[in-house]
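Worksheet: the structure to be examined is printed underneath.
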Amino acid sequence: MSLDKATVAKIAHLARIKVPDDELDHLAGELSQILTFVEQLGEVDTQDVPPMTSVAAQTLRRRKDEVTDGGYRDAVLSNGPETAEGFYVVPKVVE
Amino acid sequence: MSYIQGETGDWEIVIGLEVHAQVISNAKLFSGAATAFGAEPNSQVSFVDAAFPGMLPVINERCIEQAVRTGLGLKAQINLHSVFDRKNYFYADLPQGYQISQYLQPIVGKGEIVLDLPDGSSRTVGVTRLHLEQDAGKSLHDQHPAKTYIDLNRSGVALMEIVSEPDMRTAEEAGAYVRKLRSILRYLGTCDGNMEEGSMRCDVNVSVRKPGAPFGTRCEIKNVNSIRFVMQAIEYEARRQIEIIEDGGKIDQETRLWDTTKFVTRSMRSKEEAHDYRYFPDPDLLPLELDAEWVEEIKRTLPELPDDKKARFIGEYRLSPYDADVLVSEKARADFFEAVAKGRDPKLAANWVTGELFGYLNKAGKEIEESPVSAENLGGLIDLIADNTISGRIAKEVFEAMFETGEKPADIVEKKGLRQVTDTGAIEASIDAVLAANADKVAEFRSGKDKLFGFFVGQVMKATQGKANPALVNEILMTKLKG
Amino acid sequence: MTGLTHLTMAAALDGLAKKEFTAVELTEAHVKAVETIRPLNAFITETPEQALTMAKASDARRAKGEAGPMEGLPIAVKDLFCTKGVPTTAASHILDGFKPEYESTVTSNLWRDGAVMLGKVNLDEFAMGSANITSHHGNVISPWSPGEVGNWSRQLVPGGSSGGSAAAVAARAALGATGTDTGGSIRQPAAFTGIVGIKPTYGRCSRWGVVAFASSLDQAGPMTRTVEDAAIMLRSMCGFDPKDSTSVDMAVPDFRTALTGDIRGLKVGIPKEYRVEGMPAEIAAIWDQGIAWLKEAGAEPVEISLPHTKYALATYYIVAPAEASSNLARYDGLRYGLRVEGASLKDMYENTRGAGFGKEVRRRILIGTYVLSAGYYDAYYNKARQVRTRIKWDFDEAFKQCDVILTPTAPSTAFAIGEKMDDPIQMYLNDVFTVPASLAGLPGMSVPAGVGSDGLPLGLQLLGRPFDEETVLRVGQVIEKAAAVTATPPFMA
């Protein structure tokens, strides 16, 4: 699979990573090379093979419905680049 | 029929609803932070909810149980194997950059909800699925002119997304659906259904078509937070779509908002971009396996739900379907009624509950839980009527006082001296006085003017301030008039 | 006491117990060693004060007779483990200034058992790399690099992603270090630097508090200079953690007691598919030598087949980036770390993530985003998950015929910075022998087995059944003793 510039720009946008225009071509080449490499999987017969979610041979463990966490707003906010009045702050979002 | 008249003829609305119902639980779906409403911003946030590096989700068993209970209440298929997926997108109040949800394999499959329509008919709406997912945080846009403030208290709270089939055709049906679903959730104790606090929110899918035509292109109206708005938004949106089509335009599939000040729907700018959620199974979690025996156990502990209760009220108490509907719509109402009806005439109990009590509550803007008149006292009032202590008419006066003061009916009757006069001597005396004062009318009656009987009864009741036992008045009056 | 930094953990524990030296003395020697090896750029954050405070507390505990299994042992922590109050960077610009308010489960376990933290060591950014050349905090230089310190004739890579851990342990600046392994990030750098590294079974070590790369693959493990030390440190790191849904509720054995040296009758699987085309002769030779050593010790080599081996790398390079693309979505400039402002929220995201992630991380996020996107999910991601199942099945079959598997750890000795860098695929091939066991969640260990023609270390890899780290360690120690490697890095503290 060969990715073109436009596709790379689209993926970069989906991933919210700014990629300078002049890097798109090079990146498209690299990503295409990786995709070509992984496409050898097409050779493997996977008919009726269940896709693996986890290698851990167990089922989902559950916790009790008890409040055991939270209640430490300062700790939660202490690393925030911008906070005010107990909130995280970001540029205005228009809905 | 339920069509909308357009310039080119009839149009039919097709409606499907996605209801997000907040699960009643102490802690969040994947973290141990509290879920209470109205806490200080970011005070109920764990490092998991704020998606700090290295934090991992562990599921709350109560939330699973609540989802299963709800599924059973919707007579739905419970999937013993289900999977949690990540729904990837960026948003300020979505700290992980993905929402943990269930995509291909939800915990609950197909079910149904029976709607009771105002005309007494009922209609079954299919439930496509129910799945568990995390709620997002809250963005506040009005705190600062150039900034949005983020509160993550709600981030990670468990939601049940309940998706209906596109089975509804009118705004009323959609309203009835939400009401019924809310009622079922409250009966089950799985969601408090409080739409003002956001614990129940609706995404409404609306499209229009000519009757019999295939489905049209739908628009999704996001996050509508009251039943009234759901109905208004549908009406508005249907007309908007019809106008566009009749003007030769075409509907763009899009996400819209209900503007609660202008009463219009409008396109959501933040959702304009095409999404690609890149769902995949969450590798931090394993598939959820339920034990069939455990599901059966939950089934055994389900409360009687509105449909069954209604059937029982009709069968056991001989109530009309209308009265039964009104009474079972909320569990608290049904419980109140049953407490009043116990050992009494159920028809009379129903009349008092749905008539006087609901009337007064409605006027006072109170819920049944806040009723100043307890079920015990209303029952006591009915007992006073039954044993002839007071008449039905006086009872209404007593009820008014009960609603105002919350006092016991017997106390009010005593205090106000409303006890019914059953002393035949006293009644005879009153009757004699009335007959004496109206000799001409007595003569007319005796010459065949039967209708005057009512006049005499009225005069006697007036003379006794309504306290005379009406049956005795009738009996003695008749004897004397005929004599 | 300069000799202190050359001790093994086992010897240091003995010396502490016999009061030959104190934890403070041992720590002071290491704090100095950490300074000495600064030219290697192994540490991102040195924590000497904290180390001495912990050492004092350790001596106090020992005096009260409350010594833990790792009491007083100074170690380095890969900067992927969150440590309370100490900057945690994942070697990424995007975590600038981040100081966790919490401590990872694995490091908590180590401190509980008495270990002392010397500091946080360098790695490939978000553990993505095989050479420790993608760190925002600069390349780590292998202590095996020839020439004058700081003016090396060849700057060798320590391997990756746990390159700082490997360099610090090999250069005698720490008795051991934590590593994490997603596709070989413990085993390959261990092999490149002539030390021991074991990745336990998926689920043995809690992932709570470890910055995630690929959740279904990430496992922490120890990097030490001997197999016995690995057994000591692994025991402290492991353990059930209710905060990690994939953590396994299973008792942790005292791995040291498994080191009996007795492997008679044990069946050692030799997978024929690992004899890849173009395998360097010295790699093939050390592998054959390993087989011979085990045979001499009474084990029985059996040829086994792992037919889907050749697809493991491709599978890995879909699964890991896919999970990473989602795991790294949380670095958005909103709650911690770097923020690069923008006019809108979207601009802020794109600026922050554009500036915050290095090229390799960006490459993997983009590949991962692509393989999960609409229309490609089935062809790439789901297909990879199915092949992963087949790879697991291969191992299940193989372990019906053998008790442990022996392979080379890496296809070459350490290369120099600047080599293999233009072509991401060439770089990815480093993981060819380590990735299959990661995909299957199996325990794997690299043990020093000799040196190549260039005088650089060569490692052999042992793979075990799920949760059978004991056999892996026992066989590993037999190789270690038989190999009796005496070569040491030219630069040591």
Calculate the mean, over all residues of peptide B:86-92, of how many other protein chain Cβ atoms lie within 10 angstrom of the residue's Cβ. 6
In peptide C:198-207, what is the residue-averaged number of other protein chain Cβ atoms found within 10 Å of each Cβ? 2
Accessible area in the full protein assembly, largest first, 1.4 Å probe, for B:Thr301, C:Thr180, C:Thr226: B:Thr301, C:Thr226, C:Thr180
Any idea of B:Glu404's accessible area? Nearest 10 Å², probe 1.4 Å. 140
dims of the stretch C:69-210, Cα set, principal axes, largest to smallest, nearest Å -> 42, 34, 27
Listed residues C:Val340, C:Ala322, C:Ala410: farthest to the positive end of the dipole of the stretch C:313-446 (Cβ charges): C:Val340
Pairing the Cα long axis of helix A:21-38 with the longest principal axis of chain A, what angle in degrees results, from 0 to 90 and rounded to the nearest 10? 70
For B:Tyr103, list long-range residues whose amide hydrogen, built 1.01 Å from N in the peptide plane, is under 5 Å from its own amide hydrogen. B:Asp85
In order through the stretch C:379-391: 3J(HN,Hα) via Karplus (6.51 cos²θ - 1.76 cosθ + 1.60), integer Hz, x for Gly, Pro: 5, 9, 5, 5, 4, 4, 5, 5, 5, 4, 4, 5, 5
My understanding is that a pair violates if its Cα-Cα distance is over 32 Å; which of C:Lys383/C:Lys420; C:Lys99/C:Lys243; A:Lys5/B:Lys28; B:Lys87/C:Lys243 do that in this structure? A:Lys5/B:Lys28
Rounded to the nearest 10 Å², the accessible area of A:Glu85 at probe 1.4 Å: 140
Roll a 1.4 Å probe over the protein heavy atoms and report the accessible area of A:Tyr72 in Å², nearest 10. 60
Which distance in Å, rounded to a whole number, links the C-alpha centroids of the stretch A:40-66 and the stretch C:162-230? 25
For the protein assembly as shown, whose charge dipole is built from +1 on Lys and Arg Cβ atoms and -1 on Asp and Glu Cβ atoms, the candidate among B:Ser122, C:His136, C:Gln401 with its Cα farthest towards the positive end is B:Ser122
Anisotropy class of the protein assembly as shown from Cα gyration tensor, a/c 1.5 cut: prolate
Using a ≥ b ≥ c from the Cα gyration tensor of chain B (square roots of the eigenvalues), is it rounded, prolate or oblate, where a/c under 1.5 gives rounded and otherwise the larger of a/b and b/c decides, a/b for prolate? prolate
Can you list the HN-Hα couplings for the stretch C:263-274, worked out from phi with the Karplus curve (6.51, -1.76, 1.60; θ = phi - 60°), rounded to whole Hz and with x for Gly and Pro? 10, 4, x, 6, 8, 9, x, 10, x, 5, 5, 7
Using just the helices of chain C, give the 222 nm mean residue ellipticity in deg cm²/dmol: DSSP H runs with n ≥ 4 each add -39,500 (n - 2.57), and the total is spread over all residues, rounded to 500. -11000 deg cm²/dmol
Asserting the computed 222 nm helical MRE of chain B (DSSP H runs at least 4 long, -39500 (n - 2.57) per run, divided by residue count, to nearest 500) equals -12000 deg cm²/dmol
Under a plain spin-label model, where a point goes 7 Å from the Cα along Cα-to-Cβ, how far apart in nm are B:His141 and B:Thr260? 1.4
For C:Tyr202, B:Tyr103, B:Tyr322, B:Tyr360, give the ranking by accessible area with the largest first, probe 1.4 Å. B:Tyr322, B:Tyr103, B:Tyr360, C:Tyr202
What angle, in degrees between 0 and 90 and rounded to the nearest 10, separates the Cα long axis of helix B:452-463 from the longest principal axis of the Cα atoms of chain B? 80
Under 5 Å from the placed amide H of B:Leu288, counting only residues 5+ away or on other chains, we find B:Ser82, B:Val83, B:Phe84
Roughly speaking, what is the centre-to-centre gap between the stretch C:243-306 and the stretch B:391-449 when only Cα atoms are used, to the nearest Å? 104
Please pull out the direction-averaged projected area of the stretch C:1-56, using the convex hull of its alpha-carbon atoms, in nm² to one decimal place. 4.0
Check which residues have an amide H placed less than 5 Å from A:Arg63's amide H, if you skip close sequence neighbours. B:Ile59, B:Asn60, B:Glu61
Normalise the Debye intensity by I(0) for chain A, one equal point scatterer per Cα, no solvent, then take log10 at q = 0.13 Å⁻¹ and round to two decimals. -0.94
Work out from phi, with θ = phi - 60° and the Karplus expression 6.51 cos²θ - 1.76 cosθ + 1.60, the ³J(HN,Hα) of each residue of the stretch B:87-100, listed in order in whole Hz, and give x for Gly and Pro. 9, 8, 6, 9, 7, 4, 9, 10, x, 6, x, 8, 9, 7
Between the stretch B:155-184 and the stretch C:412-491, how far is it from one alpha carbon centroid to the other, in angstrom? 58
Just want the answer: with Cβ charges of +1 for Lys and Arg and -1 for Asp and Glu, which residue in B:Leu72, B:Ile314, B:Gln105 is farthest toward the dipole's positive end in chain B? B:Ile314
Please say if the stretch C:83-160 is rounded, prolate or oblate, where rounded means a/c under 1.5 for a ≥ b ≥ c the square roots of the C-alpha gyration tensor eigenvalues, and otherwise the choice is prolate for a/b larger than b/c and oblate otherwise? prolate
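The values are calculated or read from the model by the stated rules, or taken from the named source; none is laboratory data. What you are looking at is a predicted structure, and each value in this text was computed from that prediction instead of being measured. Cβ sites come from the backbone with ideal geometry, for glycine too, and all protein chains shown count toward neighbours. Heads up: the accessible areas ignore ligands, DNA and RNA and are worked out on the full protein's heavy atoms, side chains in. Shrake-Rupley method; radii C 1.70, N 1.55, O 1.52, S 1.80 Å.
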